[in-house]
Amino acid sequence: MKIIRAENAGFCFGVRRAADTIEKAISERGGKGLYTLGKLIHNDSYNSGLAARGVSVATAEDLESIAAGASAEEPRTVFVRAHGITLETGKKLDELSLRYPYFSYVDCTCPYVKKIHRIVGEQSAFDGEGLLLLLGNASHPEVVGIVSRFRGESFVFSDCRELEAAAAAGKLPPDGSKRVIAVAQTTQNVSEWKKSELFIKKLYTNPLIFDTICSVTEKRQTEAYEIAGKCDFTVVIGGCDSSNTSKLFAICRSRCENTVRVADASELAGKIPHKCNIAGIVAGASTPDVIIQEVYSKMSEENKAENIGFEEMLDSACKIISSGDTVTGTVIAVNDQEVKLDLGAKVTGILTADQASDDASLKLSSEFRIGDKIDVFVIRVSDLDGTATVSKKRADLDRNWFKIVEAKENGTILEGTVSDAVKGGVVIRIYGARVFVPASQTTVKKDGDLSVLVGQTVKFKVIELKSQGKGAVGSIRAAAREERKAIEKAFWDEIEVGKYYDGIVRGMTEYGAFIDLGGVDGMIHKKELSWRPIHKPSDILKIGDPLRVFVKSYNPEKRQISLGYKTEENNPWTIFKSRYSEGDVIEVTISNLMTYGAFAHITDDVDGLIHISQISDKRIGKPSDELSVGQVVTVKITKIDDEQERVSLSLRAVSEDMPESGDVQDEPDDVEDEPEETEN
């Protein structure tokens with residue numbers, strides 16, 4: 001029998017968050033003085049485990065006496081369940097925590113439920129006269145808490161048919177009488193919500209509809225639908241009062257008739273069919289991993305009996321996992337929040353993203369696949385929910401530490417990411433280890449901002465190993481120095497006169513500029529930078545500018561390089577001559593006005609002169625009578641003087657070349673009194 005286990009099964013993010021929060025408190029204080037306000041989650045097995053460890057269940061009516069009984073010797077803490085509480089109970093907890101110094105509460109409400117509280121509260125505050133339409137179970141604690149935050153009329157419906165019936169019976173206010181807000185309980189059926197959404201839009205004009213079904217719930221329902229469609233037998237695991245488990249059961253039953261719902265493995269007795277090719281396991285968001293693992297083991301024990309011997313089965317059943325162990329686990333489920341591992345024992349390994357890698361952008365679902373083998377370090381074992389918190393990073397650190405030791409011994413340059421800026425330096429993470437780099441060994445100037453390095457991938461050398469623990473001291477500066485020497489050696493080995501480089505302007509003086517050629521600087525004199533005279537390099541360059549240069553001469557002993565830029569190919573006069581000839585008619589821009597004429601810009605660094613006699617076909621007193629700086633005019637090139645590199649231009653020549661109107665076409669005979677052209 002092949003068993004398909006849903007990847008999105010067991011504790012969801014909100015439930016896991018609540019369980020981890022109270023688990024931490026129990027480990028620190030034991031169960032004494034700890035209370036949950038109602039059932040922390042909808043799973044009797046888990047809640048019984050809490051009770052066995054001393055955690056008590058309280059009601060809203062018990063809060064006053066619990067708070068009054070808190071003392072310095074016995075502080076008391078109430079944990080708000082994942083489903084949330086009413087607005088009134090929340091206010092009461094705030095008031096009690098202020099009045100009694102040794103009483104406190106921890107809000108474990110699921111963030112997705114909190115989101116609905118915020119939406120409903122904000123919309124209620126808008127006018128207080130709206131209508132709240134809520135898809136959900138009216139008696140469920142989550143729904144009760146949501147409704148308590150809405151000041152206005154509320155209508156809770158379990159499915160679209162109930163909403164349609166209420167509308168037909170006139171139980172809902174007419175369109176336009178109230179502002180309508182629609183939300184859904186986080187664990188509702190997605191398809192039912194879509195149908196309800198369409199009906200609400202038909203019933204009311206411009207309703208405010210918010211998609212509040214938890215994205216994890218949607219994934220679970222989609223996956224359950226797909227799995228049930230492939231199976232002969234499907235098991236849905238979850239508490240009897242779990243809303244999301246009920247929805248999963250309904251979905252699976254619609255696809256696989258032989259679907260059963262159980263709270264734990266004991267309820268499977270007599271329900272597993274004798275002939276089954278493919279079976280599926282789906283679990284609600286409040287189902288502990290240990291229960292899922294027990295169900296999986298019970299369903300597969302017959303297959304295991306055929307493939308492994310008695311001693312191996314006994315060893316697997318009796319295997320005990322302890323904190324500090326390094327074990328190999330098999331991936332049995334994975335999503336972007338966590339990886340679940342079969343550790344070969346009665347606990348399921350939970351590998352979270354932060355314990356899988358230091359790379360915050362890593363997607364677990366892309367990195368791991370079901371069936372993968374992973375070495376992990378056991379951080380903590382919880383018998384309460386049958387899980388072991390594990391770390392791949394720690395296991396990698398133990399395995400890869402020798403690489404850092406080897407790099408220190410061999411002087412190897414390593415590459416890692418700067419994760420933090422701390423007092424006195426920065427921290428680089430590599431192979432799961434922490435390498436401290438003192439500020440003096442970074443590339444940041446003294447008293448500079450070290451945080452600029454955070455997030456950067458840098459090269460460094462290990463210069464010291466800590467005697468205590470797996471820690472090391474590194475130097476970015478030493479690696480940069482070594483790399484720079486290697487670059488310089490390669491540069492001087494390959495340099496030759498006439499070789500071109502794409503450089504960057506690194507610095508300037510009055511007489512020239514320093515060009516970074518790729519780790520080695522060269523010098524270019526200002527006379528080499530332009531074909532026209534310049535006062536200083538900064539007239540035409542700025543720091544950071546790219547510049548293609550060539551080697552004029554060099555001295556390896558003195559580490560000096562003289563660079564050139566000017567060539568016949570980039571000579572402005574040569575460029576001009578390649579584009580224009582005498583007789584060409586071109587557009588130019590007036591750049592300067594003199595008493596004897598106007599200079600016009602033709603190309604980079606090439607201007608032409610329009611003599612005053614060539615500006616107009618009439619006599620003018622000065623060029624500014626006809627022209628202005630910046631004006632674009634059409635001229636004719638009348639002369640190019642190669643020896644003096646001068647260009648003569650003419651406006652008159654262009655107008656003289658224009659054909660007269662009579663030359664363009666013959667005028668009709670019946671046109672009389674046509675004005676004659678006159679020359680002024």
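Every read-out reported here was derived from the displayed coordinates using simple, explicitly stated rules and does not represent laboratory data. Remember, it's a predicted structure, so these values are computed and weren't measured experimentally. Please note: Cβ atoms are built from the backbone with ideal geometry, for glycine as well, and neighbour counts cover all protein chains shown.
Okay, here's what the table says:
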quantity	calculated
Neighbour-limited loop hits for GluC sites (Glu not before Pro), segment 588-653 (at most 12 other Cβ within 10 Å; DSSP other than H, G, I, E, B)	643
Unsatisfied cross-links (Cα-Cα over 25 Å) in the set 195/247; 461/485; 340/403	340/403
Amide H contacts under 5 Å for residue 649, placed H, 5+ residues apart	609, 610, 611, 638
Segment 323-475: Cα Rg divided by the 2.2 N^0.38 Å rule of thumb	1.18
GluC sites (Glu not before Pro) restricted to segment 488-554 and DSSP loop, no more than 10 other C-beta within 10 Å	496, 510
Ranked list, fewest to most other Cβ atoms within 10 Å of each Cβ, for 573, 193	573, 193
Karplus 3J(HN,Hα) series, Hz, for segment 175-187 with 6.51 cos²θ - 1.76 cosθ + 1.60 (x for Gly, Pro)	4, x, 7, 9, 7, 9, 10, 10, 9, 10, 4, 4, 9
Estimated vicinal HN-Hα couplings, Hz - segment 578-589 in sequence order (Karplus 6.51, -1.76, 1.60; Gly, Pro = x)	6, 9, 10, 9, 4, x, 5, 9, 9, 9, 9, 10
Label-point separation, residue 359 to residue 258 (7 Å along Cα→Cβ), nm	4.3
Cα centroid of segment 328-369 to Cα centroid of segment 399-473, whole Å	27
Ratio Rg/Rh [Cα only; Rh per Kirkwood] for segment 3-66	1.05
Part-to-part distance (alpha-carbon centres) for segment 78-113 and segment 22-41, which is given in Å	14
Globularity index of segment 13-110, i.e. its alpha-carbon radius of gyration over 2.2 N^0.38 Å	0.99
Least to most buried among 442, 245, 234, 328 (fewest other Cβ within 10 Å first)	328, 442, 245, 234
In Hz, Karplus ³J(HN,Hα) per residue of segment 148-162 (6.51, -1.76, 1.60; θ = phi - 60°; x = Gly, Pro)	5, 9, 10, 8, x, 7, 10, 9, 9, 10, 8, 7, 5, 4, 5
Descending principal axes extents, the chain, alpha-carbon based, whole Å	113, 88, 63
Low-density loop cleavage sites - GluC sites (Glu not before Pro) in segment 1-73, where at most 11 other Cβ are within 10 Å (DSSP)	73
Pairwise FRET efficiency - residue 540 versus residue 447, Cβ, R0 = 25 Å, nearest 0.05	0.10
Least to most buried among 222, 89, 186 (fewest other Cβ within 10 Å first)	222, 89, 186
Within the chain, helix-based [θ] at 222 nm, where runs of 4 or more DSSP H residues each add -39,500 (n - 2.57), nearest 500	-9500 deg cm²/dmol
